Amino acid sequence: MGTPLVGFFFTALVFTCHDSDRFTAEYFLAAHCSQSNGMTDEVRQIFVDKHNEYRSLIAKGLATNKVGGFAPKAARMFKVIYDCDVEQTMANWAKTCQTWQAPSKDRNGYGQNRFSIRPIEHNKTIVAIKAVDNWFSQLAQIGVPQENVLNLNVFYRGVWYYTQLAWQWSYKIGCAIQDCSTFTYAGCEYNPSGNILGSMIYEIGEPCKVDADCKCTGCTCSVDEALCVQPSATTKKPTSDNTLTHDPIPVPVNYKAKWPAKPAHCNFDNGMTDEARQTFLDMHNAYRSMIAKGLAKDPVGGFAPKAARMMKMIYDCDVEQTMMEWAKTCQTWQAPSSARKGYGQNRFSIRPIEPNKTIVAEKAVNSWFSQLAQKGVPQENMLNLNVFYRGVWYYTQLAWQWSYQLGCAVVDCNGFTYAGCEYNPSGNFLGSMIYEIGEPCKTDADCKCEGCGCSPEEALCVPGVIPIKPVYWVPPEKIETHCDLDNGMTDELRQLWLNWHNQYRSLIAKGQAKNKTGYAPKAARMLKMSYDCDAEASVMSWIKNCIFKHNPGKDRPGYGQSLWSGSGSIFKANMTQLAVWSVHSWFNELASHGVSKDNILHFQGFESIGHYTALAWQNSHRVGCGVVYCKGWVITGCEYNPPGDVFGALIYEMGDPCTTDADCKCTGCKCSIEEALCIPPSTNT
C-alpha cells in the first residue's frame with residue numbers, strides 16, 4: 001500500500017508544478033487559509049485535487065461501478081474549490097475526536113465525510129489521499145444503480161461518502177486532519193450539502209463541451225476535465241489570511257428551495273430537542289418529496305405514482321403536546337381518538353433504550369416509509385380495507401397529502417425507547433385517495449389551496465400564512481351522540497358510526513368516491529347526518545334476534561336498513577373494528593359494482609349496491625346503529641331516517657357541492673364548505 005501512495009503523491013506534485021493551465025498561482029491561493037488548524041496549503045490542495053480527479057473520472061463515465069460497469073456520465077459536474085469557513089467547522093468537529101457525523105447545527109448544515117486511520121499517521125498528505133480514496137472506493141466496492149438517484153435503498157447500501165463526494169452541486173469543500181489518542185481523524189465538509197434523499201446524485205448526460213452547457217451564470221467548461229468551473233475559481237484572491245471572497249455560484253433550481261421551511265422549535269421542557277424535531281420534519285418532507293416526484297420504490301408497480309399536490313409539512317407544537325402526553329404512558333398501541341384530538345398517529349419503539357433522540361427520529365421515519373418498499377400500495381393509490389390490511393398504515397399516514405401539521409415525541413420507557421408523531425388533519429380515511437395523482441406542481445396556482453406556494457424543486461405545495469382547511473372531515477373532540485339506552489353501545493362507538501357515514505358522504509359530495517369506472521358524480525346538496533337514538537333502538541331490537549335478513553318494514557317505522565355479518569376471526573374483533581368494517585363494506589359496493597351514470601337507483605343490480613345507496617341517499621340525514629355478538633358470529637346494522645333506496649329516484653342531486661347556505665335549498669340549513677355537506681337545522685346548533 002505504501003508505494004502506490006508515495007508514487008501518487010509525487011505525480012500530484014509534478015502536475016502542481018507544470019500544468020499551468022490548471023494550477024496557476026491564483027488557483028493555489030484558493031486553498032490558502034489560516035495555519036491555526038494545523039492544516040497546510042499543500043494538504044488542502046491535495047484534498048481539492050483528489051476530489052476533482054474523481055469528479056472528472058465520474059463525469060467522463062470512467063468511474064468503475066459495481067452495479068453496471070461504470071457510473072453514468074455527468075452532464076454538469078462542478079469543479080470543487082476550497083473554502084476556509086467550511087474548513088473551520090470541519091476542524092471544530094475533528095478536534096472533538098468523535099468519529100460519528102456531527103449534528104447539522106454543528107456543521108452549519110454542510111455535508112460531511114469522515115475517515116480515521118490507526119495507528120496515528122503524522123503525514124497529513126498521506127492521510128488526505130487515503131481519506132478521499134476510501135470515500136470514492138464505495139462506488140467500486142458497493143455500487144450505485146444506474147438511475148443515479150439517492151433513495152433509501154441506495155443510502156443503506158453504504159455509499160453515502162461516495163455520493164457526497166460526487167454530489168454535483170457541492171462545489172465548496174473544507175477539510176481537517178486531527179491526531180487523536182490512538183488514531184488520526186480526517187474529514188471534509190461540503191457546501192451546499194449533498195445526500196438529499198430523493199434527489200439525483202448528479203445530472204446524467206454527456207459532459208460539457210462549451211460554457212453554455214454548464215447552464216450557470218459565469219461558469220466555464222473545462223473540456224479536458226469534463227467539469228464546469230465556477231467564475232471565482234481562478235480569479236479571486238483572499239481578502240485576508242483566513243477569508244476568501246467568492247461570487248456565489250447559481251445553485252440549480254432542483255437544489256435551492258424557493259420556500260425555506262420554518263425551523264422546528266417549541267418552548268417545551270419535555271425532553272424533546274429542536275434537532276430531533278427538525279429531523280422528524282426534514283425526513284417527512286424528504287420522503288413526501290420523493291413520493292411526489294415518482295421516485296418512491298413500490299413493489300406493486302415499480303414506483304408509487306407522482307403526487308399532484310403533496311403538501312409540505314410544518315411543525316406544530318400543539319400536535320407535539322398531544323403526542324407527548326400519549327408517549328409518556330409508554331403504551332405502544334394507538335391512542336383513542338379522544339386522547340389525540342382526532343389527529344392521525346404513527347408509532348415506533350426500539351430496544352434497548354437509545355439515548356440519541358435524533359437517531360430514534362431517523363429510525364422511526366425510515367421504518368414508517370419502508371412499508372411502501374416492503375409491502376407496496378396498488379397504483380390506484382386508494383386506501384381501502386384490502387390496502388389497509390397489507391400493513392402499510394404508517395406509510396399511508398406519512399404520505400397522506402392533506403396531513404400538513406406534524407408534532408412528534410421521543411420518550412424512554414422501561415427497557416425501550418418509544419417514539420411517535422401525530423398529524424393534523426388526520427389521514428388514513430378508508431375509501432379515500434392517499435394523495436392526488438398527477439404531475440407535481442410547477443406554479444403556485446397548481447397547488448389549488450388558499451395561500452399556498454409551489455416549491456418546484458421539492459415538488460411540494462407549501463402552506464402559506466392562511467391556514468389550510470382540511471379536505472376531509474376530522475372528528476370533533478365533543479361527542480355529539482348520546483342515547484339513554486342500556487344495550488352495550490357506547491357514545492364513543494355511536495360517534496364512530498356517525499363519523500364514518502359523514503366522511504363517506506363528504507367524499508361522495510366532493511367527487512372523490514371511486515366508482516367501478518371513474519368516480520361517482522359530485523353531490524350538490526348532500527345532507528350531513530346526525531345520530532338518532534330511536535333508529536338505534538329499532539335496529540338493535542331486530543339484530544339481537546341473530547337473524548341475518550331484513551325485518552319487515554312495518555317493524556321498523558319507516559326506516560331504511562343496512563346489515564352486515566361476520567364469523568371466524570371477525571367474531572373476536574372489538575365493536576370499533578366492526579363498525580369500521582361494516583361501513584366500509586357498504587361504501588365499497590360503489591367501487592366493486594358501480595352505479596349508473598344517471599345516478600338513479602334501478603331495480604336491476606339493486607341487491608349488489610343497495611347498502612351503498614342507503615348510505616349515500618341524499619335526504620337520509622339521521623342514522624342509528626348497533627352491534628350484537630351471536631353464537632360464533634356477529635351482526636351489525638344501521639337504520640336511516642328518512643329512508644332511501646326508492647326505485648327510479650336519484651340517489652342524490654348531482655352538481656358542485658355547496659359554497660353558501662343558500663346553495664343547500666333547505667330551510668335553516670348551513671353549508672359546511674370543508675365537508676361539502678349541508679347541515680340540517682337539527683344538527684347545526
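Read-outs: derived from the displayed coordinates by stated rules, not from any lab. Quick caveat, the model's predicted, so the values are computed rather than measured. Cβ coordinates were reconstructed from backbone atoms using ideal geometry, including for glycine residues, and neighbour counts include every protein chain displayed.
Remark on the stretch 103-204: Rg and Dmax equal 14.1, 43 Å (Cα only). With 18 Å as the limit, the listed pairs K448/K665; K79/K215; K60/K209 have K448/K665 beyond it between alpha carbons.
For the chain, the mean residue ellipticity at 222 nm estimated from helices alone is -9000 deg cm²/dmol, where every DSSP H run of n ≥ 4 contributes -39500 (n - 2.57) and the total is divided by all residues, rounded to the nearest 500. Between beta-carbons, use under 13 Å as the cut-off and find the net charge around L295, counting Lys and Arg +1, Asp and Glu -1. Neighbour charge sum, excluding L295 itself: +1. From most to least packed by mean Cβ count within 10 Å, the peptides 672-681, 99-108, 268-277 give 672-681, 268-277, 99-108.
Can you tell me the dipole magnitude for the stretch 491-646 around its Cα centre, using point charges on the Cβ only (Lys, Arg +1; Asp, Glu -1), in Debye to the nearest 20?
320 debye
Taking the C-alpha atoms only, the angle from helix 575-593 to the longest principal axis of the chain is near 90 degrees. Rounded if a/c is under 1.5, else prolate if a/b is larger than b/c, else oblate: which is the stretch 289-334, with a ≥ b ≥ c the root eigenvalues of its Cα gyration tensor? Since a/c reaches 1.5 but b/c is at least a/b, the shape of the stretch 289-334 is classed as oblate.
For the chain, give me the percentage of DSSP beta bridges that are antiparallel, rounded to the nearest 5 percent.
Within the chain, antiparallel bridges account for around 90 percent of the total.
As a ratio to 2.2 N^0.38 Å, the alpha-carbon radius of gyration for the stretch 491-679 is 1.00.
Of the residues C449, A579, Y287, the one whose Cα sits farthest towards the positive end of the charge dipole of the chain is A579 (charges of +1 on Lys and Arg Cβ, -1 on Asp and Glu Cβ, taken about the Cα centre). For the peptides 483-496, 353-366, 175-188, the ranking by packing is 175-188, 353-366, 483-496, with the highest mean count of neighbouring Cβ atoms within 10 Å listed first. Taking Lys and Arg as +1 and Asp and Glu as -1, the other residues whose beta-carbon sits under 11 Å from that of A128 total 0. Counted by Cβ distance under 11 Å from M272, the other residues give a net charge of -2, where Lys and Arg count +1 and Asp and Glu count -1. Taking the chain as the reference, fit the longest principal axis to its C-alpha atoms, fit the long axis of helix 124-141 to the helix C-alpha atoms, and give the angle between the two in degrees, 0 to 90, nearest 10. Here the helix axis deviates by roughly 40 degrees. Highest mean packing first, where packing is the average number of other Cβ atoms within 10 Å per residue, the peptides 583-592, 661-670, 76-85, 536-545 line up as 76-85, 583-592, 536-545, 661-670. Within the stretch 2-229, antiparallel bridges make up roughly 90 percent of the DSSP beta bridges whose residues both belong there. Placing unit charges on the Cβ atoms only, positive for Lys and Arg and negative for Asp and Glu, gives the chain a dipole magnitude near 1120 debye about its Cα centre. Quick check on the chain: take the gyration tensor over C-alpha atoms, sort the square-rooted eigenvalues as a ≥ b ≥ c, and tell me if it's rounded (a/c under 1.5), prolate or oblate. Prolate shape, in that a/c is at least 1.5 and a/b is the bigger ratio. Normalising the Debye intensity of the stretch 274-462 to I(0), with uniform scatterers on Cα atoms only, and taking log10 at q = 0.15 Å⁻¹ returns -0.85.
Computed over the stretch 558-670, the range of Cα coordinates on each principal axis works out to 49, 33, 26 Å, biggest value leading. Here C421, C449, C317 are placed in order of increasing Cβ neighbour count within 10 Å, fewest first, which gives C317, C449, C421.
Ranked by how many other Cβ atoms sit within 10 Å of their own Cβ, fewest first, the residues R55, R157 fall in the order R157, R55.
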